[in-house]
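Notes follow once the structure below has been shown.
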Amino acid sequence: MAKFLLIYHGGGMPETPEEGEKAMAAWGEWYQGMGDAVVDPGAPVGKSHTVSADGHVENGGANPVSGYTVLSCDSYEAACAHAAKNPMVKDGSGSVEVAEMMEM
């Protein structure tokens, strides 16, 4: 089985405790539905910075990332099917990039 990195873009922080509980329940349900495919549930991430060869640091990053997850799946299709059910994708607040992790 291959490992796939799910990279989250967008989304947002809940504004109320009730919204937070609802969001956590949706994410928990999504993770539970993937079962053993979840290798690393990942985490949200803070503001990114892009460092270029000349040492310049751009705050905000070239393509801001909001979090990640690592899955083990038989194919890109399977990984993308899991990504399509992600709470951010379903509610339209963000997107999920899927990339196969290469073994070295």
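What follows is calculated from the coordinates using simple rules that are stated; it is not laboratory data. Quantities reported herein were computed from a predicted structural model and do not represent experimental measurements. Using ideal geometry, Cβ is built from the backbone for each residue, glycine included, and neighbour counts are taken over all protein chains shown.
Assorted remarks:
- Straight-line cross-link reach from Lys47 at under 17 Å between alpha-carbon atoms covers these aspartates and glutamates, not counting any fewer than eight positions away in the same chain: Glu58.
- Cα shape, the chain, gyration tensor, a/c 1.5 rule: oblate
- ³J(HN,Hα) computed for each position of the stretch 44-61 - Karplus, 6.51 cos²θ - 1.76 cosθ + 1.60, integer Hz, glycine/proline x: x, 10, x, 4, 8, 10, 10, 9, 9, 4, 7, x, 5, 10, 9, 6, x, x
- For the peptides 45-56, 76-87, the ranking by packing is 76-87, 45-56, with the highest mean count of neighbouring Cβ atoms within 10 Å listed first.
- Summing Cβ point charges (Lys, Arg +1; Asp, Glu -1) relative to the Cα centre of the chain gives a dipole of roughly 60 debye.
- Straight-distance crosslink candidates among lysines, where the alpha carbon sits under 22 Å from Lys22 and sequence neighbours closer than 8 are dropped: Lys85, Lys90
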